[in-house]
Amino acid sequence: MLFLAPSRVQLQTLKRTGVVVMATRGVADLAITLSGKPVISSGPGGRSSRTGRVATVFGANGFLGRYLVSKLAREGTVVMVPFREEMKKRFLKVTGDLGVVNFIEFDLRNMESVEESIKNSDIVYNLIGRNYQTKLFNFYDVNVESTRRIAETCVKYNVDRFVQVSSHDASPDSPSEFLRTKFEAEQVARSIFPGTTIVRPSPMVGGEDKLVRKIISFPNIVVNSGAQRIRPVHVMDVAKALHKIGFDDSTVGQTYELFGQKEYSLDYIRRMCEYEARVAYSQLNVPKAPYAWITERLNKIIWWPVGCADEVERMTIDQKVDKSAATFADLGMVPDKLEDYLGQYVRPWTGNLFQDVAPDSIQERKREREFIHVAR
Ligand code: NDP
């Protein structure tokens, strides 16, 4: 049953049959999802409109998750946010209109709470991930087991779309256990939910990232003199792509590699940060084996993140792009250039001599004029 412009009587019939109808200001559109469910969008678009869809975002309070929730909520997609820690998710509430962002306390090992998070949703995003192992969750638990539980629940509740966020360089032969389990999670997701869309982001740059934050922190410990080559991507681009993927059924069953326009060495990115902030950021180059040994031991003793041996291993792997995977171009997007957005994330740490530096080009002089009032 498809009403392109439903009449008042047709809308009332849908209401009686249990379909949630949200029609405001007489603007309403009906669409049929992959599983045959009708969804009705209403409103002219924007915060107080509704897309008629419900999305669950696992890992919503993380770095990438917050931007995805914001993109979904600001256009009126009802978002279910499974959370573990009360204080870590509160800021998400205001990203949407009243009733749009909803919190559900959950535990990956409590299936009732996982089901509660998923059962009313049309789209499920799994962004759960951790760079290091904890006493309660090892890489297998966080990457593979969580994916299995979420994918099985999606099948049980006939969810339309499942989007699994994996990682660049996920491979069964990787020397990193994190990357091997990320690959295994992709396979598990596809075997349970064949229409899973897999998204492999490059190292992401943004306000809460782990890349620039590490460079500007002290001590910035690196191995191999920061020679690792990566293709950083703007977190906003990845969030935008995830949002598009969730609403575009032609992406079902596809694998996307989302990487930035250019490849850089870590050391080059450090120098770009120095240029943007007018501050010298030192780095401490250490041999890999002892550094891995120490971080692995420290990770077991102290309770704040200090990395782990696997993370050190990943610092030596140059990023490789899977040519068979779809990219931003297949989503009709052009990723931002690192040179264009890096400054906005480094600027809060600008050196106090910033205003005294003589701009060395017309372009730079223009930028000084633009930003001098916000930088100081
Ligand atoms: P964050 O570390 O910022 O967020 C991870 C999220 O996963 C948090 O919401 C965290 O919840 C949740 N989580 C972790 N462990 C568990 C667990 N045992 N049970 C329940 N929830 C858990 O990650 P990012 O936002 O940076 O990354 C999102 C995804 O993208 C991850 O899968 C990551 O591996 C992948 N990725 C990230 C890259 C990057 O550069 N950041 C690059 C490539 C891939 P809580 O806050 O409660 O701990």
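Label positions at residue 334 and residue 140, each projected 7 Å from the Cα along the C-beta direction, are separated by 4.7 nm. Taking the charge dipole of the chain about its Cα centre, with +1 at Lys and Arg Cβ atoms and -1 at Asp and Glu Cβ atoms, the residue from 269, 118, 31 reaching farthest to the positive side is 31.
Toward the positive end of the charge dipole of the chain, with +1 on the Cβ of Lys and Arg and -1 on the Cβ of Asp and Glu, the farthest Cα among 280, 315, 205 is that of 205. For the stretch 248-253, putting each phi into the Karplus relation 6.51 cos²θ - 1.76 cosθ + 1.60 with θ = phi - 60° gives couplings of 10, 5, 6, 8, 4, x Hz, in residue order, rounded to whole numbers and with x for Gly and Pro.
Got a number for carbon plus sulfur as a percent of the stretch 178-223's accessible area, 1.4 Å probe? Reported share for carbon and sulfur atoms: 61 percent. Rolling a 1.4 Å probe over the protein heavy atoms gives the chain an accessible area of 50 Å² per residue.
Residue separation of residue 304 and residue 37 scaled by 0.36 nm, minus their Cα-Cα distance, works out to 91.6 nm of gained length. One decimal place: the segment residue 109-residue 324 gains 73.9 nm when fully extended, by the rule 0.36 nm per residue minus the C-alpha distance.
Computed over the Cα atoms of the chain, what is the convex hull's projected area averaged over all directions, in nm²?
Details: hull surface 84.4 nm².
Mean orientational projected area (the chain, Cα hull): 21.1 nm².
Between amide H atoms placed 1.01 Å from N, distances below 5 Å from residue 222 occur with 284, 285, 286, all of them 5 or more places distant or on a separate chain. Take the cross-link list 135/182; 182/244; 182/337; 93/244; 210/262 and give me the ones stretching past 24 Å between alpha-carbons. Table pairs above 24 Å Cα-Cα are 182/337. Comparing mean-square fluctuations of 151, 60, 326 from a GNM of the chain with C-alpha springs under 10 Å, the top value falls on 326. Every helix of 4 or more DSSP H residues in the chain counts as -39500 (n - 2.57), and over all residues that averages to -10000 deg cm²/dmol at 222 nm. Say we join alpha carbon atoms closer than 10 Å with springs in a Gaussian network model of the chain; which of 73, 329, 31 then has the biggest fluctuation? Highest fluctuation of the listed residues: 329. When the square roots of the Cα gyration tensor eigenvalues are ordered a ≥ b ≥ c, the ratio a/c for the stretch 199-245 is 1.5 or more and a/b does not exceed b/c, which makes its shape oblate.
Charge dipole of the stretch 33-349 (Cα centre as origin; +1 on each Lys and Arg Cβ, -1 on each Asp and Glu Cβ, all else neutral): 540 debye, rounded to the nearest 20.
The values are calculated or read from the model by the stated rules, or taken from the named source; none is laboratory data. Keep in mind it's a predicted model, so treat the numbers as computed, not measured. A quick note on method: Cβ atoms are made from the backbone with ideal geometry, for glycine too, and the neighbour counts reach across all protein chains shown. All accessible areas refer to the heavy atoms of the entire protein, side chains included, with ligands and DNA or RNA removed. Shrake-Rupley method; radii C 1.70, N 1.55, O 1.52, S 1.80 Å.
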